Amino acid sequence: MKSIFGLFLVLAILVIIPAVEYVFAAGDEPGGYLDRRVVIWNLFYRMMTVAFTVGAVVSGTIIWLCWRFRESNPKATPTPYEKEGVW
Amino acid sequence: MVLELQKPRPIWQIMFSTHHTDVGLLYLITSLSFLFMGGALALAIRAELFFPGSQIIADSMTFNRIFTVHGTTLIFLFIIPFASAVGNYFVPIMVRYKDMAYPKLNAIAFWMIPPSGALIWLGFADFTWYATPPYSIISAPGPAADMWIFGLKILGVSSVLGAINFVVTILKCKHPDMSIGQVPLLAWSFLTSSLIIIVAIPTFAAALLMLLTDRLGVSGFFNPAMGGDPIAYAHLFWFTFHPEVYVLVIPAIGMMYEIIPRFSRKPIFSHSSGIFAFVLLSVVSFSSWAHHMYATGMSFTEKTVFMIGTLAAVPASAMHVFNFIATMWNGRIKFSTPMMWAVGGIALFFSAGAGGVVNAAMPLDFQTHDSYWVVGHFHLFVMGTIAFGSIGYLYYMFPYVTGRMYNENMGKVHFVMSFIGTVLVFFTQHVLGLYGMPRRVFDYPPIPEWITMNQIASVGAMIIGTSMVIFLINMIHSSAKGKLADTDDPFNLGGKYYYPFESKNPHHH
Amino acid sequence: MGHHSNWPEWVYVGVVIALMCWVGAEAWNAERLVEHVPADAEVIKVTGQQWFWTFEHEDGTKEIGELHVKVGKAYKFEIMSKDVNHSFNIHDYVVLMDAVPGRVNTVWFAPMEAGEHDIQCREYCGLIHYNMRGKLIIEDDSS
């Protein structure tokens, strides 16, 4: 259990705290007007980067699972539940 | 057991029956008919948008009526009745009871659907499935609009009655030997989605009545000219229909929970986390409704609250994905048609969810709101996740319903074509939205990017349409002439896995 | 069932929650920046009705279907509707706000370079919704 809390702590330090700091550090921007296109599209591209990274991991996992654990894979072995015949 | 076509009965015996499998069959046939009707309208929409200008639809009013009825049909007359069909067939068996708790109420709930379907289709209203006031009050032509309102009113009552029936069946009629924690996840999905229906639908029922009296001119709840507020309708509507999204998706996930362990030849990774995620999802479904309304002039604080409420639904949905992946891990997976649909559904479920997170981020709403991005996003849910899970489950229950096997090759072709088509249509629509194309438009200016992407989407739609024809042929032909199914192991998985037959349920007749 | 340890799932859920916190924080911050209207922004009253846009500048000049603005100035749109809901949208500048009868919604932007952009309606408003379009013309101050 300790390792889980440790992991959350690491995640908090890596992700949440910098984000919160960044949010509160930004003040009223001096001079000129803010370009809403820049702010919004920047946010969009950052989120897309994360979304596609996570998406690659998730769909990669699913594709690998389908390839590795299909019954026609030479390495496929019966699951322990098949012997009992109930799952 | 229901082997309809092996032991033919006169149709009226099924129609006037209150037995849960008979009512389930009625639900099934009705919902599939509406699937094809609504799908045909979708093809008309895509054909019209293939080029800018008017192609096959003469005027914008007709086009507006078509997309309104398309949406209304597929949500209320396909997805919800299809889930009821599955629930009717399997919930009593899974909780080991002889029938639904209230068989007559069950039949009544079903028989409210055909008249409301007739009202919606004969009226052919034009004010979108959202019936937005003040347009729906001062501009939408009657009697179509009024018929739509009455149709939806009846459908609302029908789903509340159905939901009460499911809740009572599961909580009060389950076998005494069975604890609530042992109830299969498919039945749990019906329990949670039914509870959402009971809490959410009355709000919309009230809003519909107010809309009707507004149209009659005797009240002005949503009419600014009489001191009303259209935003009030938006709140009432989305308070019902954001949770309703979960009403649609939760049973589909429950169906995947039946399919995936079966074909992975393993039990579900964690039954308890599935239950936990269902319950959590049904609670947080009520915390996010106004994220549909960011552009209506909400304050920063309101937007923040509803963004957090929306993001809160993500961990619960992600838990389901984890459960599916962990179940497949170390399995020996047979990719029969139902399994292909379920796995494809999970992949698209992730894409739809990721798009939803982007929508929820407040400033991105300026880009995506009411654009084709939103169209692509929610279609990935309703088609890519819910319809995929439902169609997969339809293949799965096919031997149970008909006693025969569907044609496996046709089923696989159906899946592959639908998957490719879905990706082509709805991923492209996301990009189209980023290029700024508004939704619900009959025509668009000849911007080269818009034309290209509309054409890709239309081609994808035609691929889906073709696959659905194959599906229809497969269903009709196989239910009459298909190979007799081995009722102990129709999918040839080996072993006595749990396929909820009568023989496994001593209380079932 | 029941015998395996479930810690990978909780780690996974933790990662998802952390990601959502990041999304929320980033979005909150961007929204805060975007919603902050400059004090010297010029007000343009935008009125939507079936099926065209009317604009009224601070000096009282009115335009229909076309809107002329100057580079380097900030503009605050006060958006209203005369009949049904519309949505005022300049997609190239990511400006979008519903026009709701009985309400005044605001959104602001500052055009950066001269050019022409489409204005469109993004909320379904009936028969000619698809063609409720206008033009935004951004002019250089020098011209």
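The values are calculated or read from the model by the stated rules, or taken from the named source; none is laboratory data. A quick note: this is a predicted structure, and the numbers were derived from the prediction, not measured. In this analysis, Cβ positions are derived from the backbone assuming ideal geometry, glycine residues included, and neighbour counts consider all displayed protein chains. In case anyone asks, the SASA skips ligands and DNA or RNA and just uses the protein heavy atoms, side chains included. Shrake-Rupley method; radii C 1.70, N 1.55, O 1.52, S 1.80 Å.
Annotations
- Flag if residue C:30 is within 10 Å of chain B (Cβ to nearest Cβ) and closer than 18 Å to residue C:95 by Cβ: yes
- Hey, residue C:136 surrounded by fewer than 23 Cβ atoms within 10 Å (Cβ to Cβ), touching a residue at least 60 places away in the same chain (Cβ under 8 Å) and facing chain B (nearest Cβ under 7 Å) or not: no
- Qualifying position, being modelled with pLDDT of 95 or more and within 14 Å of chain C (Cβ to nearest Cβ), among B:75, B:45, B:57: B:45
- Among the residues making up region B:28-79, those that are hydroxyl-bearing (Ser, Thr, Tyr) and either under 30 Å from residue B:111 (Cβ atoms) or in contact with a Lys or Arg (Cβ under 9 Å, 6 or more places away or on another chain) (or both) are B:30, B:31, B:33, B:68, B:72, B:73.
- Number of the exception - residue B:239 against (1) more than 19 Å from the chain's Cα centre (by Cα); (2) open to solvent by 10 Å² or more (accessible area, probe 1.4 Å); (3) not polar (S, T, N, Q): (1)
- Residues of region B:217-258 that are more than 14 Å from every other protein chain (Cβ to nearest Cβ), in a helix (DSSP H, G or I) and among the aliphatic types (A, V, I, L, M): B:236, B:245, B:247, B:248, B:249, B:250, B:252, B:253, B:255.
Conditions tested, residue by residue: (1) out of contact with any helix residue (DSSP H, G or I) (no Cβ under 9 Å at 6 or more places or on another chain); (2) surrounded by 20 or more Cβ atoms within 10 Å (Cβ to Cβ); (3) closer than 22 Å to residue B:278 by Cβ; (4) at pLDDT 95 or above.
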residue	(1), (2), (3), (4)
B:105	no, no, no, yes
B:108	no, no, no, yes
B:143	no, no, no, no
B:148	no, yes, no, yes
B:162	no, yes, yes, yes
B:176	yes, no, no, no
B:191	no, yes, yes, yes
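- Residues of region B:209-230 satisfying the condition of being touching a residue at least 60 places away in the same chain (Cβ under 8 Å) and surrounded by fewer than 20 Cβ atoms within 10 Å (Cβ to Cβ): B:212, B:225
- Any hit, region B:264-287, residues being in contact with a Leu (Cβ under 9 Å, 6 or more places away or on another chain), among the β-branched types (Val, Ile, Thr) and facing chain C (nearest Cβ under 8 Å): yes
- Subset tally (residues that are surrounded by fewer than 22 Cβ atoms within 10 Å (Cβ to Cβ), facing another protein chain (nearest Cβ under 9 Å) and in contact (Cβ under 8 Å) with a residue 40 or more places away in the chain) for region C:114-125: 0
- Answer residue from region A:45-87, given it is among the β-branched types (Val, Ile, Thr) and open to solvent by less than 50 Å² (accessible area, probe 1.4 Å) and is farthest from residue C:18 (Cα to Cα) among those: A:79
- Residue B:43 vs. criteria more than 19 Å from residue B:161 (Cβ to Cβ) and touching a residue at least 24 places away in the same chain (Cβ under 8 Å): yes
- Top-ranked residue in region B:402-443 [being out of contact with any helix residue (DSSP H, G or I) (no Cβ under 7 Å at 6 or more places or on another chain) and open to solvent by 10 Å² or more (accessible area, probe 1.4 Å); ranked as farthest from residue C:132 (Cα to Cα)]: B:409
- Candidates B:283, B:279 - the one that is free of Cβ contacts under 8 Å to residues at least 60 places away in the same chain, under 21 Å from the mean Cα position of the chain (by Cα), under 27 Å from residue B:323 (Cα atoms) and open to solvent by 20 Å² or more (accessible area, probe 1.4 Å): B:283
- Residue in region B:293-324 that is farthest from the other protein chains (Cβ to nearest Cβ), counting only those that are farther than 28 Å from residue C:87 by Cα and not aliphatic (A, V, I, L, M): B:320
Here's the yes/no breakdown for (1) surrounded by 18 or more Cβ atoms within 10 Å (Cβ to Cβ); (2) closer than 30 Å to residue B:400 by Cα:
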| position | (1), (2) |
| --- | --- |
| B:47 | no, no |
| B:58 | no, no |
| B:74 | yes, yes |
| B:78 | yes, yes |
| B:125 | yes, no |
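- Identity of the residue in region A:23-63, modelled with pLDDT under 75 and within 7 Å of another protein chain (Cβ to nearest Cβ), that ends up farthest from residue B:353 (Cα to Cα): A:26
- Test: residue in region B:384-399 that is of a type in the set (Phe, Trp, Tyr), at pLDDT below 95 and either surrounded by 24 or more Cβ atoms within 10 Å (Cβ to Cβ) or not in a helix (DSSP H, G or I) (or both): yes
- Residues of region B:449-475 satisfying the condition of being open to solvent by 30 Å² or more (accessible area, probe 1.4 Å) and within 14 Å of chain C (Cβ to nearest Cβ): B:449
- Close pairs from region B:455-477: first farther than 18 Å from residue B:391 by Cα, partner open to solvent by less than 40 Å² (accessible area, probe 1.4 Å) and in a helix (DSSP H, G or I), Cβ under 6 Å, at least 6 apart: B:456/B:428; B:457/B:425; B:457/B:428; B:457/B:429; B:458/B:46; B:460/B:421; B:460/B:425
- Index of the failed condition, residue C:111 passing every other in (1) open to solvent by less than 10 Å² (accessible area, probe 1.4 Å); (2) in a loop (DSSP other than H, G, I, E, B); (3) under 30 Å from residue B:137 (Cβ atoms): (3)
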